[in-house]
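A short write-up of the structure that comes next.
The values are calculated or read from the model by the stated rules, or taken from the named source; none is laboratory data. None of the values given here were measured: they were computed from a predicted structure. In this analysis, Cβ positions are derived from the backbone assuming ideal geometry, glycine residues included, and neighbour counts consider all displayed protein chains.
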Ligand SMILES: Nc1ncnc2c1ncn2[C@@H]1O[C@H](COP(=O)(O)OP(=O)(O)OP(=O)(O)O)[C@@H](O)[C@H]1O
Ligand SMILES: Nc1ccn([C@@H]2O[C@H](COP(=O)(O)O)[C@@H](O)[C@H]2O)c(=O)n1
């Protein structure tokens, strides 16, 4: 397996490895010769009896890789002894798009014999995982990385040995390297391709594909304005979109569209690659409806591409807002084949007031909505990603006044921008 893996991951010694401990990344690299470097910080934090391993998930089949990455975490948490710490890890080639591979870093602090090596040996034999172990040299300073292989009856053997050295933090968070067409999709074709490829493992994908327009066309502008209302949950989108529908005699649409409701829960359980492709496709179905309805009346839309992209980008990047791709990055560009609304309004609300509204409403929440509550960095990343998306950019409206005042404010914007 290691031979095949190494072929999939050329330039091994140009790679940087990032281990996330307590939300902070620790970087290291490897090299073939011993240059007497000090140990990277992640290894300096270990105790003498700790054994360290890395597991990187990688195969040519990106659907298989995405699904196995999630399954692997569950398997490890289930089967590893309690003395093992598992942390997210990744490896990438600095500034090389699509070079990021994800995995886990494992620290085994158990005393005496441990089942960990047998478990990892089995994984290298059966699954698309590259396992490495890390050893401290006799000088107590230099660490080495041992890339595992399996040979014949042996559970594992070492295919290659490297010296581990500290590495600089990259200029941008490595998650940005793989976002395009893995977390955020920029064409109907790219998103459809993902669902087509998982048709044999997720039969529901075929039902979704049947609902798609045969082609997407951004240039056919509807006669009437199309106004999208965006915002985090409980900022007042439903309240406002319904009032706008009544006041303007508009048609109200949403993304994902009603016709995808039977499959939404199913796709919410899938890894980001598949889940995000599902939501991206929902936007193309809604866009087709916008085109149709926009020939007859103004159209109001509850969430659209801003939501799909902002949540996807904010989830793929971790940590503080500075880990997001830089402002102006192509990640924030509107898909060229997706209908552009006349106006996108972003409802903003103080977090405490949003929580109060959520409590009063008392409905169940999705995992991402719970995350917005518990993880303030995630909320900040989503809000900032919303603001950075362009083509069209959103116009922020303070949603804290009464529902009627918010409606009047948005009507003013619509009349100014859309001549209604
Ligand atoms: N301007 C407002 N002032 C006070 N309460 C409001 C206001 N707008 C909406 N609410 C109340 O806040 C709660 C959330 O509003 P609403 O359901 O419209 O939000 P939402 O953005 O559509 O949420 P979600 O995205 O989760 O569906 C509701 O109980 C609603 O009655
Ligand atoms: N166009 C959209 C709409 C929604 N999402 C995802 O759904 C979650 C929020 O939806 P609610 O119905 O609960 O408001 C959020 O987690 C988004 O990831 C989307 O991606 N695209």
Legend entry - In segment 123-139, the residues that are surrounded by fewer than 17 Cβ atoms within 10 Å (Cβ to Cβ) and modelled with pLDDT of 90 or more: 135
Inset, instruction - Please enumerate the residues belonging to segment 242-262 that are within 13 Å of ligand 2 (Cβ to nearest atom) and touching a helix residue (DSSP H, G or I) at 6+ places or on another chain (Cβ under 9 Å). - result: 253, 254, 255, 256, 257, 260
Legend entry - Residues located in segment 263-283, provided they are in contact (Cβ under 8 Å) with a residue 24 or more places away in the chain and either loosely packed, with under 15 Cβ neighbours inside 10 Å or in contact with a strand residue (DSSP E or B) (Cβ under 6 Å, 6 or more places away or on another chain) (or both): 268
Inset, instruction - Could you list, in sequence order, all residues of segment 33-47 that are out of contact with any strand residue (DSSP E or B) (no Cβ under 6 Å at 6 or more places or on another chain) and in contact (Cβ under 8 Å) with a residue 24 or more places away in the chain? - result: 33, 35, 36, 38, 45, 46, 47
Inset, instruction - Check segment 382-394 and report whether any residue there is at pLDDT 95 or above and under 21 Å from residue 242 (Cβ atoms). - result: yes
Inset, instruction - Determine whether residue 77 is within 30 Å of residue 195 (Cβ to Cβ), assigned by the TED database to the domain that holds residue 168 and loosely packed, with under 14 Cβ neighbours inside 10 Å. - result: yes
Legend entry - Condition check for residue 194: within 16 Å of ligand 2 (Cβ to nearest atom), in contact (Cβ under 8 Å) with a residue 24 or more places away in the chain, out of contact with any strand residue (DSSP E or B) (no Cβ under 7 Å at 6 or more places or on another chain) and within 18 Å of residue 313 (Cβ to Cβ): yes
Inset, instruction - Could you tell me which numbered condition residue 209 fails, if it satisfies all but one of (1) assigned to a helix (DSSP H, G or I); (2) under 20 Å from the mean Cα position of the chain (by Cα)? - result: (2)
Legend entry - Only one of 60, 64 that is under 24 Å from residue 96 (Cα atoms), touching a residue at least 24 places away in the same chain (Cβ under 8 Å) and either outside the structural domain of residue 142 (by the TED database) or in a loop (DSSP other than H, G, I, E, B) (or both): 60
Legend entry - For residue 256: the one exception among (1) touching a residue at least 60 places away in the same chain (Cβ under 8 Å); (2) within 16 Å of ligand 1 (Cβ to nearest atom); (3) within 26 Å of the chain's Cα centre (by Cα): (1)
Legend entry - Residues (over 22 Å from residue 371 (Cβ atoms) and within 12 Å of ligand 2 (Cβ to nearest atom)) located in segment 230-241: 241
Legend entry - helices (runs of 4 or more DSSP H) completely within segment 325-420 that count 3 or more residues being more than 12 Å from ligand 1 (Cβ to nearest atom): 367-374, 376-388, 403-418
